[in-house]
Amino acid sequence: MTKKNRRHPLRDAIADRQAVQVTPDTAQTRSSAYQLAFTDSEFMLREELRPVRLQLELLKPQMMLDEEGIRSTIVLFGGARIPSPENKASARTETLADLSRFYDETREFSRLMTLKSMESDGTEDVIVTGGGPGVMEAGNLGALDAGGRSVGLNIVLPFEQAPNEYVTPELCFNFHYFAIRKMHFLMRAKAICVFPGGFGTMDELFESLTLIQTGRMEPLPFLLFGTDFWKKIINWDALADAGTISAEDLDLFRFVETAEEAMAEIAKWETGPARQKVPGR
């Protein structure tokens with residue numbers, strides 16, 4: 001915060017943070033008790049401070065996205081293990097190698113959507129990914145191909161991870177809490193595109209669908225790339241036949257194969273208000 005945009009005459013926290021850095025070195029000033037609470041990392045990491053950390057993790061990306069003018073996003077979910085076509089020889093399975101075509105489809109869809117976004121001021125329909133490799137990397141790369149910005153929502157994992165190099169640096173965030181990360185995926189979403197993936201992709205797919213199914217989220221274009229993959233992995237009709245979902249729930253999403261097809265589906269998709277009741281219940 002600069003002096004120009006301060007809204008009160010009181011001394012600000014930045015000045016006090018700077019002042020304590022030149023405090024005389026005594027037994028008292030070296031004590032952790034003396035540290036300003038908001039600069040004391042050990043205090044902030046205490047178990048009792050979890051509610052504060054949750055709030056901070058919600059606020060920081062929200063405020064920075066607002067400052068960058070990001071008004072709406074196009075969400076891309078998909079597998080971190082899907083290689084680019086030039087690297088498909090290193091894929092662990094033949095199926096994974098075949099799925100490499102979706103790397104290119106993701107990249108092209110992201111490029112086309114970013115070009116559309118930039119026809120205005122580049123603040124609507126901004127691509128957001130999980131910031132990692134595979135489909136996520138392709139999404140951020142496609143936005144860069146178009147000369148636009150994209151968001152990356154990374155999560156701290158024990159075996160990874162740096163963000164992929166194509167995320168716009170000032171729109172690259174890191175999360176401790178999966179739940180808060182999921183909120184940020186959906187809070188500005190205008191469309192959700194799901195590419196082949198594993199447990200994480202399934203989690204994101206079904207949580208998003210559940211929010212729409214139960215009326216907790218307004219319906220929006222919801223596209224599953226790769227008909228054969230998704231119909232082999234999930235027997236959607238069996239769920240409806242069993243009555244565990246309704247036949248109307250199958251209309252909440254559509255299958256597409258290509259970037260161009262996805263763009264056309266989004267353009268013609270008719271949205272409405274959130275459901276007031278769940279069909280079949």
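The values are calculated or read from the model by the stated rules, or taken from the named source; none is laboratory data. All values reported here derive from a predicted model rather than from experimental measurement. Note that we place each Cβ from the backbone using ideal geometry, even for glycine, and neighbour counts take in every protein chain shown. Note: accessible area is taken over every heavy atom of the protein model, side chains too, but ligands, DNA and RNA are not part of it. Shrake-Rupley method; radii C 1.70, N 1.55, O 1.52, S 1.80 Å.
Could you tell me whether any residue of the stretch 255-266 is touching a strand residue (DSSP E or B) at 6+ places or on another chain (Cβ under 8 Å), of a type in the set (Phe, Trp, Tyr) and assigned to a loop (DSSP other than H, G, I, E, B)?
No, the stretch 255-266 contains no residue that is touching a strand residue (DSSP E or B) at 6+ places or on another chain (Cβ under 8 Å), of a type in the set (Phe, Trp, Tyr) and assigned to a loop (DSSP other than H, G, I, E, B).
As an exercise: evaluate Thr244 against (1) part of a helix (DSSP H, G or I); (2) without any contact (Cβ under 8 Å) to a residue 60 or more places away in the chain; (3) open to solvent by 80 Å² or more (accessible area, probe 1.4 Å) and give the number of the one condition it does not meet.
It fails just one condition, (1).
Would you say Ser100 is in contact with a Lys or Arg (Cβ under 9 Å, 6 or more places away or on another chain), over 18 Å from Val167 (Cβ atoms), at pLDDT 95 or above and surrounded by 15 or more Cβ atoms within 10 Å (Cβ to Cβ)?
Yes: the conditions hold for Ser100.
Based on this model, can you work out whether Gln276 counts as over 25 Å from the mean Cα position of the chain (by Cα), over 21 Å from Gly79 (Cα atoms) and either in contact (Cβ under 8 Å) with a residue 12 or more places away in the chain or open to solvent by 90 Å² or more (accessible area, probe 1.4 Å) (or both)?
Against the criterion (over 25 Å from the mean Cα position of the chain (by Cα), over 21 Å from Gly79 (Cα atoms) and either in contact (Cβ under 8 Å) with a residue 12 or more places away in the chain or open to solvent by 90 Å² or more (accessible area, probe 1.4 Å) (or both)), Gln276 qualifies.
Of the conditions (1) closer than 30 Å to Val167 by Cβ; (2) out of contact with any helix residue (DSSP H, G or I) (no Cβ under 8 Å at 6 or more places or on another chain), Ala27 satisfies every one except a single condition; which number is it?
With (1) closer than 30 Å to Val167 by Cβ; (2) out of contact with any helix residue (DSSP H, G or I) (no Cβ under 8 Å at 6 or more places or on another chain) applied to Ala27, the lone miss is (1).
Six or more apart or on different chains, Cβ under 7 Å: which pairs go from a residue in the stretch 7-32 that's of a type outside the set (D, E, K, R) to one that's surrounded by 10 or more Cβ atoms within 10 Å (Cβ to Cβ) and not in a helix (DSSP H, G or I)? Could you list them?
So the pair list comes out as Val20/Leu36; Thr29/Thr23; Ser32/Asp40.
Can you tell me how many residues in the stretch 245-271 are hydroxyl-bearing (Ser, Thr, Tyr) and either farther than 17 Å from Ser208 by Cα or touching a Phe, Trp or Tyr at 6+ places or on another chain (Cβ under 9 Å) (or both)?
The qualifying residues number 1.
Would you pick out the residues in the stretch 172-224 that are more than 18 Å from Val135 (Cα to Cα) and among the charged types (D, E, K, R)?
Passing the criteria: Arg188, Lys190, Glu207, Arg216, Glu218.
Of all the residues that make up the stretch 184-194, how many are in a loop (DSSP other than H, G, I, E, B) and out of contact with any Lys or Arg (no Cβ under 9 Å at 6 or more places or on another chain)?
Qualifying residue count, the stretch 184-194: 0.
Report whether or not Lys190 is open to solvent by 20 Å² or more (accessible area, probe 1.4 Å), free of Cβ contacts under 8 Å to residues at least 40 places away in the same chain and among the basic types (Lys, Arg).
No; evaluated as a whole, the condition is false for this residue.
How do the helices (runs of 4 or more DSSP H) wholly within the stretch 12-62 filter down when requiring 2 or more residues that are touching a Leu at 6+ places or on another chain (Cβ under 7 Å): which remain?
Once the helices (runs of 4 or more DSSP H) in the stretch 12-62 are filtered for at least 2 residues that are touching a Leu at 6+ places or on another chain (Cβ under 7 Å), what remains is 13-20.
Look at the stretch 257-273 and say how many of its residues are under 12 Å from Phe222 (Cα atoms) and touching a residue at least 40 places away in the same chain (Cβ under 8 Å).
6
Going by what's in this entry, would Leu211 be described as closer than 24 Å to Glu248 by Cβ, within 15 Å of the chain's Cα centre (by Cα), hydrophobic (A, V, I, L, M, F, W, C) and open to solvent by 20 Å² or more (accessible area, probe 1.4 Å)?
no
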